[in-house]
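Notes follow once the structure below has been shown.
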Amino acid sequence: CVELIGDGASIFWYSPDRPYLELISVYNPDPELVSYFRDHIKKYPIPVNEGSYGRVIQTNQAVINPTIDMERIKAAAPPDRLEYFQKLPVYSSIYAPLRSEGRCLGVIGMGRHDPKHPPYTEDDLAFLQEIADRISFGLVNAHLYEALQKELSERILAENEVRRLNNEL
């Protein structure tokens, strides 16, 4: 996605029993920015009910912020967050829910960090939602596969225990 329509992307997992989103993956062509983003999210986790991520989780609908006034955001930012906005400014952003069976599993977000890049469009948002739907399908399948593997292991253990007990008898 980043190579096609953005400067950076992140995927967050949502769980209704946790107050913050869990970072699953982040990509930026600059590895130092990836590391900085990860560290920042550890220090300032994203609440499940705030901002654009929260809106996606609450509505299970994609969100587009075509233009963002970074100067206004920097001016209003607390001193401990100013460095983040200087290193990773976002001039346009889009967010799409990772959803399955009507539930929101998480959010994939993309941002344009270069003010020279054009704002995101509805077509970009539709593209991201298509990718999010495919990611969701893969995550659900991986979860089902993991559950089946666990059940198979438990059955094998139970079968071995039954054999052992039969041999004792």
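The values are calculated or read from the model by the stated rules, or taken from the named source; none is laboratory data. Values in this document were obtained by computation on a predicted structure and should not be read as measured data. Glycine also receives a Cβ, built like all others from the backbone with ideal geometry; neighbour counts cover every protein chain displayed. Ligands, DNA and RNA are excluded from the accessible area calculation, which covers all protein heavy atoms including side chains. Shrake-Rupley method; radii C 1.70, N 1.55, O 1.52, S 1.80 Å.
Please specify each residue of region 62-86 satisfying the condition of being touching a Pro at 6+ places or on another chain (Cβ under 7 Å) and open to solvent by 50 Å² or more (accessible area, probe 1.4 Å).
Step one: of region 62-86, the residues touching a Pro at 6+ places or on another chain (Cβ under 7 Å) are 62, 66-67, 70.
Scanning region 62-86 gives P66, T67.
For region 34-93, enumerate the residues that are part of a helix (DSSP H, G or I) and hydrophobic (A, V, I, L, M, F, W, C).
If we filter region 34-93 for residues that are part of a helix (DSSP H, G or I), which is where we start, we get 34-43, 51-59, 70-76, 79-87.
Correct list: V34, F37, I41, V56, I57, M70, I73, A75, A76, L82, F85.
Here's a check for you: in region 127-142, which residue that is farther than 24 Å from P47 by Cα and either part of a strand (DSSP E or B) or without any contact (Cβ under 8 Å) to a residue 40 or more places away in the chain (or both) is least open to solvent (accessible area, probe 1.4 Å)? Write out each step before concluding.
Step one: of region 127-142, the residues farther than 24 Å from P47 by Cα are 127, 130, 134, 137-138, 141-142.
Still in the list and also either part of a strand (DSSP E or B) or without any contact (Cβ under 8 Å) to a residue 40 or more places away in the chain (or both): 130, 134, 137-138, 141-142.
Working: E130: 87, R134: 157, F137: 139, G138: 37, N141: 69, A142: 56 Å².
Among them, the one singled out is G138.
Sort out which residues of region 1-22 are open to solvent by 40 Å² or more (accessible area, probe 1.4 Å) and assigned to a strand (DSSP E or B), and write them in order of number.
Residues of region 1-22 open to solvent by 40 Å² or more (accessible area, probe 1.4 Å): 1, 3-4, 13-14, 16-20, 22.
Scanning region 1-22 gives W13, Y20, E22.
Being open to solvent by 80 Å² or more (accessible area, probe 1.4 Å), more than 13 Å from the chain's Cα centre (by Cα) and of a type outside the set (D, E, K, R) is the filter here; which residues of region 23-54 pass it?
Here is the first cut: in region 23-54, the ones open to solvent by 80 Å² or more (accessible area, probe 1.4 Å) are 27, 29, 31-32, 38-39, 42-43, 49-50.
Checking which are more than 13 Å from the chain's Cα centre (by Cα) leaves us with 29, 31-32, 39, 42-43, 49-50.
Correct list: P29, P31, N49.
Please verify whether I57 is open to solvent by less than 40 Å² (accessible area, probe 1.4 Å), among the hydrophobic types (A, V, I, L, M, F, W, C), closer than 27 Å to D133 by Cα and in contact with a Phe, Trp or Tyr (Cβ under 8 Å, 6 or more places away or on another chain), treating the condition exactly as stated. Let's see the steps before the verdict.
On the way: open to solvent by less than 40 Å² (accessible area, probe 1.4 Å): yes; among the hydrophobic types (A, V, I, L, M, F, W, C): yes; closer than 27 Å to D133 by Cα: yes; in contact with a Phe, Trp or Tyr (Cβ under 8 Å, 6 or more places away or on another chain): yes.
Judged against the criteria, I57 is a match.
Do we find that V162 is surrounded by fewer than 12 Cβ atoms within 10 Å (Cβ to Cβ) and modelled with pLDDT of 90 or more in this structure?
On the way: surrounded by fewer than 12 Cβ atoms within 10 Å (Cβ to Cβ): yes; modelled with pLDDT of 90 or more: yes.
The answer is yes for V162.
What residue, of A76, A126, is at pLDDT 95 or above and not β-branched (V, I, T)? So that I can check it myself, show each step before the final result.
Details: A76 fails: at pLDDT 95 or above.
None of the other options fit; the residue is A126.
For region 94-125: of the residues being of a type in the set (D, E, K, R) and in a helix (DSSP H, G or I), which is nearest to E3 (Cα to Cα)?
As a first pass, look at region 94-125 and keep what is of a type in the set (D, E, K, R): 99, 101, 103, 112, 114, 116, 122-124.
Now drop any that are not in a helix (DSSP H, G or I), which leaves 122-124.
Values: E122: 18, D123: 16, D124: 13 Å.
Result: D124.
Based on what the data block shows, is E122 closer than 18 Å to V90 by Cα and among the charged types (D, E, K, R)? Step through it out loud before you land on a result.
Working: closer than 18 Å to V90 by Cα: yes; among the charged types (D, E, K, R): yes.
Spelling it out, E122 is indeed closer than 18 Å to V90 by Cα and among the charged types (D, E, K, R).
Filter region 112-169 down to the residues that are over 27 Å from R99 (Cβ atoms) and among the small types (G, A, S) and list them by number.
S153, A158 - these are the residues of region 112-169 that are over 27 Å from R99 (Cβ atoms) and among the small types (G, A, S).
Quick check, is S153 among the polar types (S, T, N, Q), closer than 15 Å to V56 by Cβ and surrounded by 10 or more Cβ atoms within 10 Å (Cβ to Cβ)? Please lay out each step first, then the result.
On the way: among the polar types (S, T, N, Q): yes; closer than 15 Å to V56 by Cβ: no; surrounded by 10 or more Cβ atoms within 10 Å (Cβ to Cβ): yes.
When the stated conditions are applied, S153 does not pass them.
Looking only at region 89-135, how many residues end up being in contact with a Gly (Cβ under 8 Å, 6 or more places away or on another chain), among the polar types (S, T, N, Q) and under 18 Å from V48 (Cβ atoms)?
The qualifying residues number 1.
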